[in-house]
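Everything on this sheet refers to the single structure shown next.
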Amino acid sequence: MTLRTPLCELLEIEYPIVQAPIGSATTPRLAAAVSNAGGLGQLAVTWRDLEETRRVVRETRERTDRPFAVNLALDDATTIAATDAHLEAVLDAGARIVTLSFGDAAPYVDRIHDAGGVVTQTVGSAEAARDAVDAGVDAVVTQGLEAGGHVQSEVATTTLVPRVADAVGDAVPIVAAGGIADGRGIAAALALGADGAWLGTRFLATDEAAVHEAYRTRLRESDETDTAYTTLFDKGWPGTPHRVLRNETLERWERAGRPPSGARPGENDVVATTETGEKIERYDEALATPAVDGDIEAMALFAGQSVGLTDDVRPAGTVLETLVSETRAAIAAVPGRSADDG
């Protein structure tokens, strides 16, 4: 079974599996490892300055001769650099697959195409998917409510994917995101009408991801009931819903009656510091990378509901290979199908 779909043809990848742009946890090692194994690795650069953006794109290109993607969030509330300048840096550094989220892709589509690139947009509804296709994007990513990190939809993946598939038809490939961490989930996404799957939490728990060891431990030990959909960790990206692992910060806030921003328990507590000494306050949306020092458990520990399926840490290439094997097995187990079917 080849597992080739229209997404594979568009992106020139072997398997329809995409590593999500998991914020500061993305590294050239991670993106290259996924791409070298036949999937699509991805860098998140929204929280990187222009010089760092160019560096990580070039380093990833040095580590792989296969396609990889670069993600930009378009919400001005969180970007370090103006999107126009950031996109220019991405394209100048040699990236040719650009994924856009939290904003309107339309102003940037032609520019990416003119550079010989491919552009996708993350959507949270059928209407948004139609708008993205009308804007000329090459693929849409449907992010369901189950997803970890910052979330664009209040609709479950199993409902959102068929709705988007009905809305856009065969116009562009569809990538399903949210709640997927194994081959059964990938097979289900394909059955729902997607052409590929976008996995974040599963790739957080890999050797190459820039994740603090205390965060890795929580990822391994948590189950599907241990996450919360909230707007609590809003310092740095106000008003944007996200899904995190439950922790003492969230539970103290709940016990206090869920007070608004500015009146929450320990509002100005410094819970950790970065490698450069930058302070991380309680309710910051900063990600717990390996160099962060302090009370990691108090920070925003982003994870999707698929964390219950993420119980070990392995090399990203091994994870990709396992996902492919699991997907083939799941499809072959469906009555009337076999592993020899195309």
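The values are calculated or read from the model by the stated rules, or taken from the named source; none is laboratory data. From a predicted model like this one, the values you see are computed outputs, not experimental measurements. Every residue, glycine as well, gets a Cβ built from its backbone with ideal geometry; the counts of neighbours run over all protein chains shown.
Please pick out the residue among Glu14, Glu9 that is without any contact (Cβ under 8 Å) to a residue 12 or more places away in the chain and out of contact with any strand residue (DSSP E or B) (no Cβ under 6 Å at 6 or more places or on another chain).
Glu9
So, in the stretch 16-43, how many residues would count as being more than 25 Å from Ala191 (Cα to Cα) and not polar (S, T, N, Q)?
The number of residues fulfilling the criteria is 10.
Against the definition (in contact (Cβ under 8 Å) with a residue 24 or more places away in the chain, outside any strand (DSSP E or B) and surrounded by 13 or more Cβ atoms within 10 Å (Cβ to Cβ)), how does Ala210 come out, yes or no?
yes
Of the residues that make up the stretch 216-235, is at least one part of a helix (DSSP H, G or I) and more than 20 Å from Ala25 (Cβ to Cβ)?
No, there is no match, as no residue in the stretch 216-235 is part of a helix (DSSP H, G or I) and more than 20 Å from Ala25 (Cβ to Cβ).
Given the conditions (1) surrounded by 19 or more Cβ atoms within 10 Å (Cβ to Cβ); (2) within 24 Å of Glu285 (Cα to Cα); (3) among the acidic types (Asp, Glu), which single one is not true for Asp104?
Failed condition: (1).
What number of residues within the stretch 51-99 satisfy the criterion of being more than 21 Å from Leu11 (Cβ to Cβ) and among the basic types (Lys, Arg)?
Within the stretch 51-99, residues that are more than 21 Å from Leu11 (Cβ to Cβ) and among the basic types (Lys, Arg) number 2.
Only one of Ala286, Ala291 is in a loop (DSSP other than H, G, I, E, B), in contact with a Ser or Thr (Cβ under 7 Å, 6 or more places away or on another chain), assigned by TED's automatic domain parsing to the domain that holds Lys235 and among the small types (Gly, Ala, Ser). Can you tell me which?
Only one candidate qualifies: Ala291.
Which residue is farthest from Thr26 (Cα to Cα), if the candidates are limited to the stretch 293-338 and must be basic (Lys, Arg) and surrounded by fewer than 17 Cβ atoms within 10 Å (Cβ to Cβ)? Don't jump to the end; show me each part of the working.
Within the stretch 293-338, the subset basic (Lys, Arg) is 314, 328, 337.
After this cut, where a residue has to be surrounded by fewer than 17 Cβ atoms within 10 Å (Cβ to Cβ) as well, the list is 314, 337.
Working: Arg314: 15, Arg337: 36 Å.
The residue in question is Arg337.
Look through the stretch 301-320, keep the residues that are in a loop (DSSP other than H, G, I, E, B) and under 16 Å from the mean Cα position of the chain (by Cα), and return whichever of them is nearest to Arg282 (Cα to Cα).
Filtering the stretch 301-320 for residues that are in a loop (DSSP other than H, G, I, E, B) and under 16 Å from the mean Cα position of the chain (by Cα), the one nearest to Arg282 (Cα to Cα) comes out as Leu301.
Looking at (1) among the hydrophobic types (A, V, I, L, M, F, W, C); (2) within 21 Å of Leu43 (Cβ to Cβ); (3) at pLDDT 95 or above, can you tell me which one Ala106 breaks?
Ala106 satisfies all of (1) among the hydrophobic types (A, V, I, L, M, F, W, C); (2) within 21 Å of Leu43 (Cβ to Cβ); (3) at pLDDT 95 or above except (2).
If I filter the stretch 135-142 for residues that are buried (at least 21 other Cβ atoms within 10 Å of the Cβ), part of a helix (DSSP H, G or I) and over 17 Å from the mean Cα position of the chain (by Cα), do I get at least one hit?
No - not one qualifying residue is present in the stretch 135-142.
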